[in-house]
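One structure below.
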Amino acid sequence: MAKTIVVKQIGSPIRRPAKQRQTLIGLGLNKMNKTRELEDTPSVRGMIAKIPHMVEIIEEKG
């Protein structure tokens, strides 16, 4: 079974650079307090690392 992580959006993309907004959309987040369960891969971890002020990792499974 693949490892997964639950990511929650805690920051608004308003007045943020376009790249940061696109990263949120790439993670499947677009509204405040929305959560997504994503596969724990280096690319997802890198996207989260680019916007740590707008997302938080709630839990890690697997």
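The values are calculated or read from the model by the stated rules, or taken from the named source; none is laboratory data. Keep in mind it's a predicted model, so treat the numbers as computed, not measured. Cβ atoms come from the backbone with ideal geometry, glycine included; neighbour counts cover every protein chain shown. Ligands, DNA and RNA are stripped out before the accessible areas are found, and what is left, the full protein with its side chains, is counted by its heavy atoms. Shrake-Rupley method; radii C 1.70, N 1.55, O 1.52, S 1.80 Å.
General observations
- Projected onto their three principal axes, the Cα atoms of the chain cover extents of 38, 21, 15 Å, largest first.
- Candidates His53, Thr35, Ala18 compared by Cα position along the dipole of the chain: farthest toward the positive end lies Ala18, with charges placed on Cβ.
- Surface per residue (accessible, 1.4 Å probe) for the stretch 20-61, Å²: 67 Å²
- Simple Cβ-charge dipole of the stretch 4-61, Lys/Arg +1 and Asp/Glu -1, about Cα centre, in debye nearest 20: 440 debye
- Model label sites at Glu39 and Ile14, defined 7 Å from Cα along the beta-carbon direction, differ in position by 3.6 nm.
- Among residues other than Lys61 with Cβ under 10 Å from its Cβ, the summed charge is -3 (Lys and Arg +1, Asp and Glu -1).
- Of all accessible heavy-atom area on the stretch 4-61, the percent that carbon and sulfur account for (1.4 Å): 51 percent
- Environment charge at Val6 (Cβ cut-off 9 Å; Lys +1, Arg +1, Asp -1, Glu -1): 0
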